[in-house]
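Computed from the coordinates by the stated procedures, all read-outs in this text should not be read as laboratory data. Predicted, not measured: the structure shown is a model, and the values here were computed from it. Every residue, glycine among them, receives a Cβ derived from its backbone with ideal geometry; neighbour counts consider all protein chains shown.
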């Protein structure tokens, strides 16, 4: 029976394993520390001298000049991204909507910690990320991450506050680390975010002029230069205010990067018009221009005279706009009935050959609608500006409770462009603010019948006591975000009664908190035998069985949106997660009959507390019961 680790993924350990798989000879062991009895504590490490030998033909070291993008504390920010944390996510039913049935998540807490906690559960499962991080204007707040602590200290504390108890601090231009602090904030979060993206996933990041250049370099480094898609210009206003040098700065930027070449952007255009003809039964088709904007000198094989095999009529190429096919491929396309000539059909009014597309081909790519490609230099006219975002939230709350939210139309366009071919996508926003992204997800689902799910992450940043939000009772930004989702969900259901019962307008609230486990669980060697009598239970006394369940789900990589059913077996509370995938019981005095019944249900995972067994004989028989009824079940204790 295995022991659960009950802390987030250690990225360093994972990286060591990956390098060890490629170069087994680089694996070694180092002394991490010493126990009270003087014996050494060993851990795996990479011998960099050996690794240098393996990479000697490409290694660049020392003072050699090379292209690089760096800043003070960059290495420490990488360590920060890789270090594990002893934290968990605790469920809050009272703040949730449709807790038991929803697949949407709202996570309240530091997004660096939340991203670490999601690493195993959502690794490669997020299709789209949109974030609107704090800009770097000299007034915005950035996260004060702790670069001083070692990994063990970070595990226990994770650097939540500065010396004055603040988690968010203003990044003033006068502090001498203006760009450094911002880069140290964004870099580790983007590294963690990349791992959550699916192979066909994409990230969109809103930013202004102050850090757009640095952010593009960050993204090229993290996602790979070949996966940088574009920087979209978004016009945020028309008013000629804020005019340094006499020029109004009306635009902000949205950087787009793919996880890999598997990503395909596509937006809905006009509905296709197909023809049905007797010569091609059950094969609806449409036509398209057969010329291409290339010259004869550029494509000499496409500069030929096309001849209609039926009539002998000739159609010479335009030297400045050649055919899209070559003289060598003409016969192939004609035999496949891909070329339509003038006069082939009375209802077609064409003066030159056209290309034929079949509906069956279109449906393989983009379904019912034309998949037009988004243009990186221009958004649609109705995309919205800052004023539209402000008006939206004012209409929802009856006043301006949040400053500078992005308009829903903007986010909806990005989501449509990235999820049109997969309407079951998971969308993540880890700077979720007033939850515009969740709003856009629900609205888009209502419009096209999609089943997109959202994960919102927001630190509970306190609202100013003088603000309209505070006066309305919203003490932090998270409260605004959650309430927006509640109100928008009801509004969309009311406006779209035909889909009200089919779509998910709920969300499950989870909050980042300290681990459920006592310190003795992580460091038993630091406690004497006498101390252990003070820790008969390794779980904190204020934690509920449902708290334990969610930490187990995180540890085992079970989706946090999974269906959870609470049942009773032999008078003991039992959780059935994802239709029997995980069955957990955290009650005490669990007897053999309860264990037998759980084993008979053949879960993939079965989890109990270490102190659950009613007696030593039950604990002794535990493994034999599972070997008898469900030998393939993975058994774990905490």
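Computed values, structure above
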{"item": "Folded to 0 to 90 degrees: helix 545-556 orientation relative to the chain principal axis, Cα", "result": "60 degrees"}
{"item": "Average silhouette area of region 560-611, convex hull of alpha-carbon atoms, in square nanometres", "result": "3.4 nm²"}
{"item": "Distance in nm between pseudo-label sites at residue 279 and residue 208 (7 Å out along the Cβ direction from Cα)", "result": "6.2 nm"}
{"item": "Approximate spin-label separation residue 600-residue 465, in nm, with each point projected 7 Å along Cα-to-Cβ", "result": "6.2 nm"}
{"item": "Ascending count of other beta-carbon atoms within 10 Å, so fewest first, for 116, 636", "result": "636, 116"}
{"item": "Mean Cβ neighbour count within 10 Å, used as a protection proxy, ranking 187-200, 341-354 highest first", "result": "187-200, 341-354"}
{"item": "Antiparallel %, DSSP beta bridges [both residues in the chain], to 5", "result": "65 percent"}
{"item": "Spin-label pair residue 69/residue 634, simplified geometry with 7 Å Cα→Cβ offset, distance in nm", "result": "3.6 nm"}
{"item": "In degrees, nearest ten, helix 408-419 long axis to first principal axis of the chain (Cα)", "result": "80 degrees"}
{"item": "For region 581-628 versus region 417-440, the gap between their alpha-carbon centres in whole angstrom", "result": "40 Å"}
{"item": "Least to most buried among 566, 113, 36 (fewest other Cβ within 10 Å first)", "result": "36, 566, 113"}
{"item": "Segment residue 352-residue 566, extension gain: residue separation times 0.36 nm, minus the distance between their alpha carbons", "result": "70.2 nm"}
{"item": "Cα-based convex hull volume of region 419-525 per residue, rounded to whole Å³", "result": "150 Å³"}
{"item": "Where only C-alpha atoms are counted, convex hull volume of region 277-356 per residue in Å³", "result": "90 Å³"}
{"item": "Principal axis dimensions, largest first and in whole angstrom, of region 369-445 by Cα", "result": "39, 26, 20"}
{"item": "Whole-number percent relative contact order across region 277-356, with pairs defined as alpha carbons under 8 Å at least 6 apart", "result": "32 percent"}
{"item": "For region 547-638, diffusion coefficient by Stokes-Einstein and Kirkwood Rh (Cα), 4 °C, 1.567 mPa s, µm²/s", "result": "100 µm²/s"}
{"item": "Kirkwood Rh, Cα atoms: Rg over Rh of the chain", "result": "1.03"}
